[in-house]
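Notes follow the structure.
The values are calculated or read from the model by the stated rules, or taken from the named source; none is laboratory data. None of the values given here were measured: they were computed from a predicted structure. As a convention, Cβ positions derive from the backbone with ideal geometry for all residues, glycine included, and neighbour counts pool all protein chains shown. Ligands, DNA and RNA are excluded from the accessible area calculation, which covers all protein heavy atoms including side chains. Shrake-Rupley method; radii C 1.70, N 1.55, O 1.52, S 1.80 Å.
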Amino acid sequence: GAARSVLSRRWGMAEAGTEAGQGPAPAEECAELTAVIGATVPTGFEQTAAEEVQEKLGSASRISKDRGKIYFEVPAQSLPQVHRLRSVDNLFVVVQEFKDYQFKENKEDALKDLEDLVKKLPWTDPLRVWELNNSLKKKKTKRKKHSLQRTASKEKLNAGGEEEGTDQQDASKQEDCAQNAAGVEPAGGQDTQEPQGVASGNGEEEEEDNEQLDAKEELQAGSESEPKAGEGKRGEGDTKVLKFRVTCNRAGDKHSFTSNEAARDFGGAVQEQFQWKADMTNFDVEVLLNIHNNEVVVGIALTEESLHRRNITHFGPTTLRSTLAYGMLRLCDPQPTDIIVDPMCGTGAIPIEGATEWPSCYHIAGDNNPQAVKRAANNICSLLKKSENKESSTSLGIPLDIIQWDICNLPLRTGSVDIIVSDMPFGKRIGSKKKNWDLYPACLMEMGRICTPGTGRAVLLTQDKKCFAKALSRMGHIWRRGQTVWVNVGGLHAAVYLLKRTWERAEEKRSFW
């Protein structure tokens, strides 16, 4: 009750009626609390993500015009399941969205309107969702520390710090945006998928920018007591003042202001409204202002680090985001007992995602690079440790093997594989375009040989689309092209091809002895 009345004082008039001591208990309060969740997903896989949300949460999704985002409504109690979705990168709770926001022509007026918007927004429920989300994160961190201590005592210390901290900043804030102003470095110096500056992923000629409000004052860390959203300053050392930042993503050529200016002015008004402190790097609350032409969405972030980093501890130069891996695997609709092969697995993102989500299939990963095989093996070990840590004595293991092999001479029987899913060399970071001209036809040929005629299928991601199309046209007797999904991988335009294996028998491998 008391907390409730403080919240209502701080959050304006919406609850002027609730006096201290009234108001339902937190448990009931949370019972009827619902949230509109926004999720960023790999561009091109919005439909896949929507299907997963429908299947696992029973909610229908709206796919945004702003590519790479979906929205769905869930009871606040379902937050843990929302965090377990495999196809979403980042999550936020929507404060309000405007389908057709009219920006004034004049820059000062347009910015003044954004400032005034802050007072009118319905912050109360979204902030309660944020608080609930926070308390869930706290529990998880405690559990993680506990299980880490257990593992450490079990085997002194595992090599290469397996667990990722829960409070790292992810370098790639969002696929289609330039790096934020604060230039957040990825934690632990790992390679993340996206390069620092990223072009617009929409193929339209429009500006995109993504900046954060800069804090004027130097800030000192508050005491450790847990902040309650919206409590602001009460007594002297009574509660910690919340720290926040505003991140603005803007796309469209009709705006008179930059995202930096929008973040700055909107952030100033947020500060005024809640008496929070601005802090770019060490913040409790991240307020999101997404502006896409005339669509405006205000949200509060629920993930600090993108969920796509969840499986991988040993990153390679081109580690595929697990969310994209999930989308690719879903395209082939794996059935129980299918044999699924990734012949160029790199650090193992695809087979690891596959084995996690489709444990009744058998996953085989291979690569010709010993370094990649080692990294993939380390990632699989981390995954095994994680599943052992789940407090259950019955660790079922993981149906996944990793082998070093030559992609053009796979040690697999002709027609023995159901599904091939692979991230083909891009010729940008690994290999070269020149090599791809020879490699692609040879790969498609060998993949065709190991794949079951008639029912076999392959999902292949590549950026070298010209080369792939040419190779495919020469393999028309073995592979038929199904759908193509256009995606954005680290600012590079790429394509995911779904191929169906024809009934044509492939040539057997001659024996060489």
- Item | Distance-filtered residues of segment 75-110 - backbone nitrogen under 20 Å, label point 7 angstrom along residue 34 Cα→Cβ | 75-83, 92-99
- Rg to Rh ratio, segment 322-501, alpha-carbon atoms and Kirkwood radius? 0.96
- Task: Take peptides 494-500, 72-78 and line them up by average Cβ neighbours within 10 Å, highest first, as a rough protection proxy.
- Result: 494-500, 72-78
- Task: Might you work out the accessible area of residue 474 for me, using a 1.4 Å probe with all protein chains in place, and round it to the nearest 10 Å²?
- Result: 140 Å²
- Message: Give me the one-decimal nm value for the distance between modelled label points at residue 396 and residue 503, 7 Å along each residue's Cα-to-Cβ direction.
- Response: 3.6 nm
- Ordering 327-333, 467-473 by per-residue average of other C-beta atoms within 10 angstrom, highest first, gives 327-333, 467-473
- Say each of residue 258 and residue 99 gets a label point 7 Å from the Cα, pointing the same way as Cα to Cβ; how far apart are those two points in nm? 3.4 nm
- Message: Between residue 452 and residue 333, what is the label-point separation in nm under the 7 Å Cα-to-beta-carbon projection?
- Response: 1.4 nm
- In order over segment 489-499: 3J(HN,Hα) from phi, Karplus 6.51/-1.76/1.60, θ = phi - 60°, whole Hz, x for each Gly or Pro, gives 10, x, x, 9, 6, 9, 10, 10, 9, 9, 10
- Task: Give the total of Lys-Lys pairs in segment 322-501 with Cα-Cα distances below 23 Å; include a pair only if its members are 8 or more places apart or on different chains.
- Result: 18
- Quick one: compute the contact order of segment 322-501, relative version, from alpha carbon pairs under 8 angstrom and 6+ residues apart, as a percent. 20 percent
- Query: When all protein chains stay in place, what accessible area (Å², nearest 10, 1.4 Å probe) is found for residue 67?
  - Reply: 90 Å²
